[in-house]
Structure formats: structure tokens, C-alpha cells
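Structure first, commentary second.
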Amino acid sequence: MDAAEYDLAFFRDGGFRRRTCAGCGQAFWTLGDFDRCQEAPCRDYGFVGRPLFARPYALRAMREAFLGFFEHRGHTRLRRYPTVARWRNDVFFTQASIYDFQPWVTSGAAPPPANPLTISQPSLRFIDLEEVGVSGRHFTLFEMMAHHAFNRPDHEVYFKQRTVELCHELLTEELGLDPKAVTYKEEVWEGGGNLGPSLSVGASGLELATLVFMEYVRDGERLVPMPLTVVDTGYGLERFVWASQGTKTAYEAVFGGAYDELRRTFPPRESAILIDHARALNFLLVDGVVPSNGKEGYFARLLLRRSLRILSKTPEAPDLPSVLDRVGRELSHDFPELGEHRDDLRRVVEAETERYAEAIERARVTIRRTEAKLRAEGSRVRGDDLVVWYDSLGVPPDVAVEELAEPPAIPPEFYKLVAARHESERPTTDYVDASEGFPAVPTSVAPTEVLYYLDPYTVAFEAHVVHVDGPFVVLDRTYFYPTGGGQVADRGHLGDLEVVDVGRRGPHVLHKLERPSPFHVGDRVHGRIDPTRRTQLMQHHTATHLLNGALREVLGPHVWQAGAHKAPEVARIDVTHFRPIAPEELRRIDRRVNAIVREDRPVKSYFESRTEAERRFGFTLYQGGAVPGKELRVVEVEGFDVEACGGTHCTHTSEVGAIQILDVERIQDGIVRLSYASGERALELREEHEAILKEAAKRLGVAPDHLPSGIERLLGEVEEARRLSRSRARTDLEGLAAELLADPKRATTVGRATVVAARVELERSALGELSKLLCRQEGRLVILASERDGKGTLFVGSTAPGVSALGVLEAARPAFSAKGGGNPSAATAVGEPGAPLEQALEAARSAARAMATSG
RNA sequence: GGGCACGUAGAUCAGCGGAAGAUCGCUGCUUUCGCAAAGCAGAGGUCGGGGGUUCAAAUCCCCCCGUGUCCA
């Protein structure tokens, strides 16, 4: 980055000097007399015991000082965004204040909610998890205070000059930092394809803030100026508080009384981890994360389990819900939403606590057993085993060691060994703004005017063809709904041709015809949509919203839609929930959702600016995931459920008809799926089910209400018949065995063995059975030959001392080209096609006699 | 989303290329006034599903499904 980028009038006119740090080699600006920048590791912490600011601030006071400062200087104060970034599909969590405005605001697609603005955004970073409690300054959740400005070519709010000016004024005049103590270090920031110069603000060893100026797009080596430039600042609230108090660790300064309370029971490190995790969990759980084994839920589980482990090691420790509650109440003064839904939060935590206890118990059993086995083999448990156990059973090494009689040393770099097991993994990304199997449309083609948004009831229309590609036709306007948002596409006709699929590519809707299009650009076509299918899809889609609302009401606010599918035949919704839905809960959901249908509430669909919709309804709008665009289409079931959704909907709930829940299943850890039908389809299904029931009853010859007992009876009979047939088969084989033994031509006693050799035509498995029956006594040598499908099988079984079944088989091999093998008590060989089975039987018999005699 | 572990009798699990096992529970008999207990006998298995390799697969390979766990 060119040095001129940092050469601000504010620095030059203000008497700042540009120097090069003797530590890191970076250039920096300062009023002071330093040869090094004032950030670790170029200098040590100097503020411990010597606070940086004029007076000590608690967390709330500092946040208020910051936001107030910028409010007084023309910034609008914004409430925090959720810690789970539902409006994005590229990250799980909000990791910085700028995440709130990416990608729609920073790309220029949507206007900022205010400009300039100031915010203190709770942000999550799991990268330093291991440092929490150890370093004295790391947190999993921290608040990033910020002031942001978004500059358009026609409207510049402010950029570098004013940003640094504001920052400097805040630090020195508002907070009373010595102007000479600050250094502004030149850096380059890059992320998400954008980059720009940035300044790292340091004092007394601490990096207090980063001032980023996003102004370029990277195009290979070239830097292209962005049309919209962005001031992205980040001030660490916790660091400011710490610097103002000069305590030994940041935790004491930030968490105050609650931390001191924990310190009475726990050592400093454990206290810090507990309180840090409790804070992060309060935000995560209130923002609707359900602990699970994947995605964002995993991080909640990680924090919960780390906390539970610490608590379990101390007998007089409080339980986890109390710890969370204590911290949650404190936070609710500043974030009122954290005071709500405490019961729901408690239930989630209790369920998770049980699960963890179960997991650990399971692991303990496995560990004890494995050690017993290893010791029986003369071996013992090694450090590697601890790594495998942690990875596959979830048991931490210190817990595993407790279970072992001869514990190995825990490998010194335990977590590195765990990481090494995950090296070959690759993260994957997705997100396509296009239906699969639909070709790209040239950008010169005008975007399709989508009419189904405005009026979902119109099913016939006139339009002009604007683009043709094989069977794919793009119209200037359409009422056809393309597959999207979990709703499958409409069907119907364009002219006389059937529309077999409808998809979307960016701003274009493509109609796929049954065969290559006879239409040409400019043609006027008549479109007709299959009205029955459309109505059913509308009913299912609206039913999905109603169920989502009822699920949240009955199960709790942790319920979020995790996926949905709306087809004419059946609809499904997947939601996050921490345990299977109980039958009683399901009844309540069923009643509630059908009550809403009967109440005939209006369902309004309209477009609204993203910013305004978020303000009015909150982020629960994003049930269907991240939605692109500056405007959201809001679907509002009056007084019940509001979601951003592009689907076709009924205008009143009664149109949905009775909703019949067909099935509930747990499809993943933390996710349950409901299948249901409504409208005509629900009636159809009911008729089908009744018919099936009647048919089944008729076949069984009982009345439908006696079906269960009838089936019970039938199963008993089947069981009895099976038992009988099995015992008959065995009787037959026993009869055959007795027959063979009684026949002097087949059974002869030689030496100490009775040799039974016979040709029997039986299945291979029956040969074994028969041999087993014949070998119930000691001193038997059984040779059975059988031919099936042109392949001869020779089976040898032996209980004769000193006569090996395998040996007999080998002796017969020269006469019988066959593959086979076995052990001394049983051996099998299957001959090549045409191999002489009779001669093999003879050869085996002679060999067996010879062996029995000599043995 | 990926790695790893696991899936065998009603339950808990062993077996990890050569004829499906143990313990508990269950049924019957012996014993007892009855129960418990003990002894004896017995029932109970598509070895998660589907492909493949092999003369032979619970066992080895591949693909699914399910459970758990770790990592993003």
C-alpha cells in the first residue's frame, strides 16, 4: 500500500511524526518520542497498576461513554445485532461490527440503517478459545465498539481524516489519555476480496482499536477503487475497560462482582473461563442456538461442556444454570432481551447437561473395558489412545486417566495431536443464486417482471418472449413460480406446450418446455398455470409458516426453521429443538395451528426495505436463511408469524384448510422434522389412510378397530409357523442323520472313528447343519458330497481325535480340482465345473479310513 | 460440511476370514405353604441395510442408513 494513503493532514498539521518501529519494522505516527510502536510485542504492558485513562470505567460506563461520544458527533446509535449471523450464509457468528452490514450494505445493494452510525456489537471468536483464562485478556465473546460511515460518490460522510480525528479526540479529550502515548501504526487490511489501508491504534502495549478504510477491490495484482468506501472501525470494549482500571487481568475489570463471587470457589483461570463462557452462552442461547454436534450448535455445546467439566471438579460448585442465570441477569440491564426466555434457556441447558453426563458415562465404560482387554493381552493404554478417545468419545484426557489402573502420561501437545487427526479435512462453501440445471441468461436480457409476488391467484396471463435457449424460455413477465425457498415450481402451459419445470438464474425466470421451444424472441404467448397444483402449494407454504409460529410458541423461542420443503403431495419443516417432540407437545402444536387456521387471520405479503423490516420484526424474519437483496418480501400472518419469504401464499389462514401433521422424526442432533399436509391434499390423504385401514381390516377379517389385536394374533401365528417349520427341517435332517448312521454302506467304524461318507443333495448351509448333527458324538468323521447348479461341494466335519477335517479334504484334492479350506474340525471345498465329485468322495473316504486307523 | 469410533439375542457386550457366543433378563421343570434364591433344561439372531472380494464374510473392501464424538 502506498505510503501516501496514510499521509493525513491530521497527522502532518497536528505535529505527528512518522517513524519506523524498531520492533516490528512497521511505520507509525505519533506525537510521542518512541522508536517502537506502542503495541505488544514491541513493548510490554505498561498500564497494569497505572491506568491509561483519567478515571476507571465499568463495562456499562465505558460503552455508554463511547456510544454517547459518537452520538454527540452526528452518529446514530444502533442496537446490537444477533451473535448468530442469520442474514449471512458464509459465517455462523457475528465476529465484528462490520459483519452486521455485510454483504448488502457494504456492497452498496442496501442502504445502511443509519449513516454514520455507532454500535457496540457482541462478537464471537473461537480461535483463541484455549487462551481464555490463560492470557488474562482473551474472551470468546467480546463487544466491538465501532463507528461506521458509508461513502457514495455523490455523498461522502467522512473518511480517513475525520475518522482518525474522532478516534484521537475520544482517546485524549473524552477519556483523558496522554496524546503523546498513542501510536497509529500503518497496516493493510484485506478481507472478502476488499482491501484498504488501516491504522492500528496502540498505547502502553495495548492495541486499543483498528481503523480500517475499505476502498479497493482486488483484481489479481490490480487494485480497483470501490464505488462505495467504508469506514470500518473496531474498539475493544473490554480492553478499554481494562486499560481504564489497570487491573492485573482483563477479567477482573470486565466482570467485576460476578467474577469476584466465582473466585471464592474457583481458581482464577477456572473463574475466568466460567464467566466468559457464561456470557457467550447467554447471547448464543438467547439468539436461538440449540447445542448440537454440528454447525453453530457445536460451539454452544463446546462452551457448555467446558463449563460443566470445570463445575464437576469442584464439589461445592453451583450448577450451570445458576451460573448462567447470574451472568444473564447482569447482562439484561444492558441487553433486556437477555432477561427474557430464561425458562427456555434453562431447559436447553438442563437437557444438554444430561446428555453430557450420558456421554461421559458411556465413555468411562468403554475405557475401562478397553484397558482390561489390553492388559489381558499383556499390553497397556498409551497416550495415543487418550487422543483417540477424546476425538471419538468426547472424553477429555484427564477424565480418561481417572478411569485407568495404569494411566499413561497425557501427551504434552495433546490438542496438537487431536488437530493432526483432522488435517485432511477441507471446509466447503456453497450458495448459488440459481436453480440447478438451468442455463445462464445473457445479462443483456431484461430482468423478468415477477407477478406471482403481487397476485398469487392469477393463473392465466399474456407475455412476450425475450430469450430462448433450447427448451428454455424467458418471458418479459411471468406468474410462474420457480423452484425456490423450499417451494417446488409451478407447472402449466405456454401456448400448447407443457411447462415441465421453472427455475431461476439471477434476475431471470426460465420456463422449461417439454421440447425445444417453437417460440421466438418477440412472440406473444399465453401462459396458463395448473391451478390445482398452485393452490395446493400455496396452502402448504402458508401452513409451513403457521406451523413454524406454533412450534415457537409451544416449544420455545430457541426453535428456528432449519429447512423446509413444500411439494403438492406433502410438506416438511425442519426446526431446531433440543429433544424429541413429546406427544403432548405435538397435540398442542396441532391444536394451536388449526385454531389459527379457523381464526381466519389475514396473511399479508409486501416488500419492505431490509433495514425497516429488521427494525420492525427483528431477526426472526430470517427463518428461511439469508435472503439476498435490499428489499425483503415480508409475509406476515397477522399477530402470529412474520418471515422474509418469496413464496406464494394464501391471503387468509382459513384458505389453508385443516392442517394434518403426518409424522415427526428427529433427523439430526438438535433438529426435528414435521411432515404434514393441508387443504385438498389433507382430505385426500385422510381418504387414502381410511381406505388402507379398511382394506387391511378386510384382509384380516376383522373390524378396523380390532386391527391391532388382529395383527397381534397374526404375528403369533406366524411365529408359531416359523418355529414349526424350523423344527420340521431339523427333524428331517435328524432323520437323515440317523438313516446314514444305520446304513453300513455309508457308516463304518475304522480304528477309533466312525466314518460317515455319503452323497446328499443339500444346500451348502444344510451340509453344515447335517454334519453338526452327525458330529454330536466324539469320534465321528463326516464326509458329505452335494451337487447344486453343476457345482460339487465336499464338506468334511470331524470330532475324531487325531483326524483333521482339513487333512481329509487335502487328501481328496488330487482327485478333485477344487478351491477350499477350513480347520481341523470343519472344511469345505467347491469343485471346478466338471470335477469328479464321486471320485472325490471315494478319495476322501479312503483317506479318512487310513487316518483313523493310523491315528 | 468433513474426520474418527460404534451398530451382533429383550438389555449390556465378546468374537474381527473357517460350523453365531457370554452375562443379565425371559419360559419350563426340580425345590418351597408362598416368595426370593439355587440347580437343570429351553426359547430367543435377515450379526443396521445394499453391493463387492473369497471355495468360505458378523469378520476384508465400497456405498448407504442410524448413533456418538471431535474439528470447521
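The values are calculated or read from the model by the stated rules, or taken from the named source; none is laboratory data. Small disclaimer: the values here were computed from a predicted structure and weren't measured. For neighbour counting, all protein chains shown are included, and Cβ atoms are generated from backbone atoms with ideal geometry for every residue, glycine included.
Assorted remarks:
- Qualifying residue in the range A:10-25 (condition: part of a loop (DSSP other than H, G, I, E, B) and either over 23 Å from residue A:197 (Cβ atoms) or not assigned by TED's automatic domain parsing to the domain that holds residue A:235 (or both)): no
- Being farther than 29 Å from residue A:64 by Cα, hydroxyl-bearing (Ser, Thr, Tyr) and surrounded by 17 or more Cβ atoms within 10 Å (Cβ to Cβ) holds for only one residue in A:312, A:271, A:244, A:307, and it is A:307.
- Conditions (1) more than 24 Å from residue A:537 (Cβ to Cβ); (2) without any contact (Cβ under 8 Å) to a residue 60 or more places away in the chain: number failed by residue A:610: (2)
- Matching residues in the range A:805-841 - criterion: being over 18 Å from residue A:770 (Cα atoms) and part of a loop (DSSP other than H, G, I, E, B): A:816, A:817, A:832, A:833, A:834, A:835, A:836
- Hits in the range A:741-765 (condition: outside any strand (DSSP E or B), at negative phi and away from RNA strand B (no atom under 14 Å from the Cβ)): A:741, A:742, A:743, A:744, A:745, A:746, A:752, A:761
- Criterion (surrounded by 23 or more Cβ atoms within 10 Å (Cβ to Cβ), in contact (Cβ under 8 Å) with a residue 12 or more places away in the chain, small (Gly, Ala, Ser) and in contact with an Asp or Glu (Cβ under 6 Å, 6 or more places away or on another chain)) met by exactly one of A:550, A:463: A:463
- Scanning the range A:272-309 for residues that are within 14 Å of RNA strand B (Cβ to nearest atom), among the hydrophobic types (A, V, I, L, M, F, W, C) and touching a Gly at 6+ places or on another chain (Cβ under 7 Å) turns up A:289, A:290.
- The helices (runs of 4 or more DSSP H) found entirely in the range A:257-366 that carry 3 or more residues being under 24 Å from the mean Cα position of the chain (by Cα) are A:268-286, A:295-312.
- Number of residues in the range A:151-162 that are in contact with a helix residue (DSSP H, G or I) (Cβ under 9 Å, 6 or more places away or on another chain) and either part of a strand (DSSP E or B) or not basic (Lys, Arg) (or both): the value is 2.
- Criterion applied to A:322, A:379 was being of a type in the set (Ser, Thr, Tyr), outside the structural domain of residue A:83 (by TED's automatic domain parsing) and more than 14 Å from RNA strand B (Cβ to nearest atom), and the one residue passing it is A:322.
Conditions tested, residue by residue: (1) near RNA strand B (Cβ under 8 Å from one of its atoms); (2) in contact with a strand residue (DSSP E or B) (Cβ under 9 Å, 6 or more places away or on another chain); (3) modelled with pLDDT under 80; (4) in a loop (DSSP other than H, G, I, E, B).
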residue	(1), (2), (3), (4)
A:400	no, no, no, no
A:415	yes, no, no, no
A:428	yes, no, yes, yes
A:436	no, yes, yes, yes
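- Test: residue in the range A:643-666 that is assigned to a loop (DSSP other than H, G, I, E, B), touching a strand residue (DSSP E or B) at 6+ places or on another chain (Cβ under 7 Å) and more than 25 Å from residue A:535 (Cβ to Cβ): no
A quick yes/no check of all residues on (1) in contact (Cβ under 8 Å) with a residue 40 or more places away in the chain; (2) farther than 19 Å from residue A:671 by Cβ; (3) outside the structural domain of residue A:398 (by TED's automatic domain parsing):
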{"position": "A:283", "(1), (2), (3)": "yes, yes, yes"}
{"position": "A:289", "(1), (2), (3)": "yes, no, yes"}
{"position": "A:292", "(1), (2), (3)": "yes, no, yes"}
{"position": "A:307", "(1), (2), (3)": "no, yes, yes"}
{"position": "A:315", "(1), (2), (3)": "no, yes, yes"}
{"position": "A:328", "(1), (2), (3)": "yes, yes, yes"}
{"position": "A:331", "(1), (2), (3)": "yes, yes, yes"}
{"position": "A:348", "(1), (2), (3)": "yes, no, yes"}
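- Pairs with Cβ under 6 Å, 6+ apart, first in the range A:826-838 and closer than 22 Å to residue A:804 by Cα and assigned by TED's automatic domain parsing to the domain that holds residue A:785, second more than 6 Å from RNA strand B (Cβ to nearest atom) and among the hydroxyl-bearing types (Ser, Thr, Tyr): A:830/A:793
- Set A:846, A:854: member being at pLDDT 85 or above, of a type outside the set (A, V, I, L, M) and away from RNA strand B (no atom under 11 Å from the Cβ): A:846
- Test: residue in the range A:697-714 that is polar (S, T, N, Q), assigned to a helix (DSSP H, G or I), on the phi < 0 side of the Ramachandran plot and within 12 Å of RNA strand B (Cβ to nearest atom): no
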